[in-house]
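*Asks:* Would you mind keeping the following structure in view while I ask a few things?
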């Protein structure tokens, strides 16, 4: 019960602050093109990146570690690159997309729970009154997460996530959430893959929430996705083996948990790490501490017109202590406004 | 303390039964060639396998799932194969090799622990009296494991394992432990890799004990090794980030834990699974429960002359309930005596 509570509180606190404080904190709303779709980029030249020092620091690193004549040459097997997800590969405003999923799930499950009409936080949530729903604080959030993420098999959850991610739209942009991935990052993933890197997502988000679509959207297979997780239990149901998702913490892949998760899943240090918040700092420190060449990059949300602008004071994706350390250590800081010619993927002519 | 105790007891019980009961139980000692070394095989035709139904069931499966014209075709991304380690890829008698490592570590660490001269279980162990050392039962084993596996950084442990695995010799065969891998299984790993399979080790043994040598010996990189593990903690020591190995359980990758570990690390069901004991049964059930073609294989230790012969009554690698289920479900059972033309790798002429 203790660890269970820990997991749920962690998720709850991240979500509450996001849900209640997210919008007021952002400096400007999203006003980008709606003509986008998540196309895997094969841009040899990182076409959506402006020719800036940030881009050059990345391409120069890749050139150095892949050149057998360079003293910084790294054998392909050791070319591990890790990426945070929320705010690094896709957007995270006005709150983590996984919380949007949880809220939508409450609505979808409501017909099976007539008692929710009277019972908070569900009653308010179903009326569209998020503020009242979350007035119950931690306890309210715990009930929402527990009702939507646990008690089913892993395969049932996989289906639910796939259905949602294929249809749900962002409240502000009306895009599919997978259309709110960053085009320059898709190009970077391709560039690294073409140069023999093995790419991993290392996210505070739920591992079972990302895996159903990470391969299609990012080209990153489920076995290269690391995230927070609950415990599961092996059972034979009607003669068929299943894994049941229990309401109990397994692992929280955030802050100091990120190097732990990387060691647990990968077993060697990355040579490149990409994040956007204080939650990624330990991951970048772990990467920078490697003997040999390494690349540490923060994505800085500076573009209030095309995306959102936020950093030190944001309840979602707070970048404060990590920004100081990145400046001090001369890590690469990518300004979305200055370094990206384009933010979201442009829909191809023959789409829809 | 509770989970900590759980981990240590689990390891302790496995090791004690092995250490005290292993030799008396085996039907015959090892008497194989000493002219062996762990060479990665590139045997196109599984040369060390006799042309038997067991071999044909494996090659026919590989042919079916890789043939785009077959109704059983499986896309490369889903060709996941999982292998138990102890008793499936390398030998495990007279006791798990990781316990040999723990005992050797006690000897190596003794100079830093003068108090061990008087203190059990270390005093007896250092005199070579294993029986007296283990007379203290669980408590004795817990002290041995704790003294040898925890309290150092992951990178320090990596170095210690590499040193040991490169020099320590098996008490009966006088081979390096990595020379006691199974040649037919090395050939099978190559055959599967050549056919687009991605291979994972899924072992009850320690994940940090296998990773330092799995790539060199099996061609399986650390990120494809799943095993039991302790918790680690991220720390900055003298300005350098490290992960410290804590004496606390993280995960036990045995029995019903194997499907859990597979889901946690891989995120999709294997299409092929190889084991040798009741500890692998849930992993094979999980694989067999996949929608679509699958292959489940048990290695049966039937060769008292070239390796060891043991199954239902062995304290190490007990194969009892799983043998019944394998027979009932017509899974592939590989008899080492009948199906393998060779057991251990033959040392090449130009070696030593």
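The values are calculated or read from the model by the stated rules, or taken from the named source; none is laboratory data. Just so we're clear, the structure is a prediction, and the values are computed from it rather than from any experiment. As a convention, Cβ positions derive from the backbone with ideal geometry for all residues, glycine included, and neighbour counts pool all protein chains shown.
*Asks:* Please work out if residue A:211 is within 30 Å of residue B:287 (Cβ to Cβ) and either assigned to a helix (DSSP H, G or I) or within 11 Å of chain B (Cβ to nearest Cβ) (or both).
*Replies:* On the way: within 30 Å of residue B:287 (Cβ to Cβ): yes; either assigned to a helix (DSSP H, G or I) or within 11 Å of chain B (Cβ to nearest Cβ) (or both): yes.
Answer is yes for this residue.
*Asks:* Those residues that are buried (at least 18 other Cβ atoms within 10 Å of the Cβ), within 18 Å of the chain's Cα centre (by Cα) and free of Cβ contacts under 8 Å to residues at least 60 places away in the same chain, I need them from the range A:136-164; list them, please.
*Replies:* Hit for the range A:136-164 is A:158, nothing else.
*Asks:* Evaluate the following for residue A:219: is it surrounded by fewer than 20 Cβ atoms within 10 Å (Cβ to Cβ), at pLDDT 95 or above and at positive phi? Give the derivation first.
*Replies:* Numbers: surrounded by fewer than 20 Cβ atoms within 10 Å (Cβ to Cβ): yes; at pLDDT 95 or above: yes; at positive phi: yes.
It is true that residue A:219 is surrounded by fewer than 20 Cβ atoms within 10 Å (Cβ to Cβ), at pLDDT 95 or above and at positive phi.
*Asks:* Does residue B:196 satisfy the criteria of being outside any helix (DSSP H, G or I) and within 14 Å of another protein chain (Cβ to nearest Cβ)? Quick ask: steps written out before the conclusion?
*Replies:* Values: outside any helix (DSSP H, G or I): yes; within 14 Å of another protein chain (Cβ to nearest Cβ): yes.
Considered against the rule, which asks whether it is outside any helix (DSSP H, G or I) and within 14 Å of another protein chain (Cβ to nearest Cβ), residue B:196 comes out as yes.
*Asks:* Could you say whether any residue in the range A:259-268 is more than 8 Å from every other protein chain (Cβ to nearest Cβ) and buried (at least 20 other Cβ atoms within 10 Å of the Cβ)? Don't jump to the end; show me each part of the working.
*Replies:* Our first condition is that a residue be more than 8 Å from every other protein chain (Cβ to nearest Cβ); within the range A:259-268, this holds for A:261-262.
Those still in the list that are buried (at least 20 other Cβ atoms within 10 Å of the Cβ) too: A:261-262.
Scanning the range A:259-268, I find at least one residue that is more than 8 Å from every other protein chain (Cβ to nearest Cβ) and buried (at least 20 other Cβ atoms within 10 Å of the Cβ), so the answer is yes.
*Asks:* Same structure, new question: Considering (1) within 13 Å of another protein chain (Cβ to nearest Cβ); (2) without any contact (Cβ under 8 Å) to a residue 60 or more places away in the chain; (3) more than 15 Å from the chain's Cα centre (by Cα), say which one residue B:249 fails and leave the rest.
*Replies:* (2)
*Asks:* Against the condition surrounded by 13 or more Cβ atoms within 10 Å (Cβ to Cβ), without any contact (Cβ under 8 Å) to a residue 12 or more places away in the chain and closer than 30 Å to residue A:309 by Cβ, how does residue A:51 come out, does it pass? Please lay out each step first, then the result.
*Replies:* Details: surrounded by 13 or more Cβ atoms within 10 Å (Cβ to Cβ): no; without any contact (Cβ under 8 Å) to a residue 12 or more places away in the chain: yes; closer than 30 Å to residue A:309 by Cβ: yes.
Answer is no for this residue.
*Asks:* Separate question: Residues to consider are A:313, A:304, A:282; find the one that is in contact with a helix residue (DSSP H, G or I) (Cβ under 9 Å, 6 or more places away or on another chain) and closer than 28 Å to residue A:65 by Cβ.
*Replies:* Numbers: A:313 fails: closer than 28 Å to residue A:65 by Cβ; A:304 fails: closer than 28 Å to residue A:65 by Cβ.
On inspection, the qualifying residue turns out to be A:282.
*Asks:* Continuing with this model, one more query. Given the structure, is residue B:230 more than 12 Å from chain A (Cβ to nearest Cβ), in contact with a helix residue (DSSP H, G or I) (Cβ under 8 Å, 6 or more places away or on another chain) and assigned to a strand (DSSP E or B)? Before you say what the answer is, go through the steps one by one.
*Replies:* Values: more than 12 Å from chain A (Cβ to nearest Cβ): no; in contact with a helix residue (DSSP H, G or I) (Cβ under 8 Å, 6 or more places away or on another chain): yes; assigned to a strand (DSSP E or B): yes.
Here the answer is no, as residue B:230 does not meet what is asked.
*Asks:* Yes or no: residue A:270 more than 16 Å from the chain's Cα centre (by Cα) and either farther than 21 Å from residue A:183 by Cα or touching a residue at least 40 places away in the same chain (Cβ under 8 Å) (or both)?
*Replies:* On the way: more than 16 Å from the chain's Cα centre (by Cα): yes; either farther than 21 Å from residue A:183 by Cα or touching a residue at least 40 places away in the same chain (Cβ under 8 Å) (or both): yes.
Answer is yes for this residue.
*Asks:* On to the next question. Give the residue that is nearest to residue B:157 (Cα to Cα), with candidates limited to residues of the range A:247-265 that are part of a loop (DSSP other than H, G, I, E, B) and touching a strand residue (DSSP E or B) at 6+ places or on another chain (Cβ under 6 Å). Steps first, answer last, please.
*Replies:* Residues of the range A:247-265 part of a loop (DSSP other than H, G, I, E, B): A:252-256.
Add one more test, that the residue is touching a strand residue (DSSP E or B) at 6+ places or on another chain (Cβ under 6 Å), and what stays is A:252-254, A:256.
Values: A:252: 24, A:253: 23, A:254: 25, A:256: 20 Å.
Filtering the range A:247-265 for residues that are part of a loop (DSSP other than H, G, I, E, B) and touching a strand residue (DSSP E or B) at 6+ places or on another chain (Cβ under 6 Å), the one nearest to residue B:157 (Cα to Cα) comes out as A:256.
*Asks:* Next question, about the same structure. Evaluate the range A:239-246: report whether one residue or more is out of contact with any strand residue (DSSP E or B) (no Cβ under 6 Å at 6 or more places or on another chain), under 30 Å from residue B:269 (Cβ atoms) and part of a loop (DSSP other than H, G, I, E, B).
*Replies:* Yes, there is a match, as at least one residue in the range A:239-246 is out of contact with any strand residue (DSSP E or B) (no Cβ under 6 Å at 6 or more places or on another chain), under 30 Å from residue B:269 (Cβ atoms) and part of a loop (DSSP other than H, G, I, E, B).
*Asks:* Still on this model: Name every residue in the range B:214-227 that is farther than 15 Å from residue B:88 by Cα, facing chain A (nearest Cβ under 10 Å) and in a helix (DSSP H, G or I), in order of residue number. Break it down into steps so the answer makes sense when it comes.
*Replies:* In the first step, residues of the range B:214-227 are kept if they are farther than 15 Å from residue B:88 by Cα; the result is B:215-216, B:219, B:221-224.
Now narrow it down to the ones that are facing chain A (nearest Cβ under 10 Å): B:215, B:221-224.
The answer is B:215, B:222, B:223, B:224.
*Asks:* Then there is this: Here is a list: A:59, A:39. Which entry is surrounded by 12 or more Cβ atoms within 10 Å (Cβ to Cβ) and at pLDDT 95 or above? Working first, answer last.
*Replies:* Numbers: A:39 fails: at pLDDT 95 or above.
Within the list A:59, A:39, the selection yields A:59.
A quick yes/no check of all residues on (1) more than 30 Å from residue A:183 (Cα to Cα); (2) modelled with pLDDT of 90 or more:
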position	(1), (2)
A:85	no, yes
A:97	no, yes
A:114	yes, yes
A:120	yes, yes
A:130	yes, no
A:133	yes, no
A:136	yes, no
A:147	yes, no
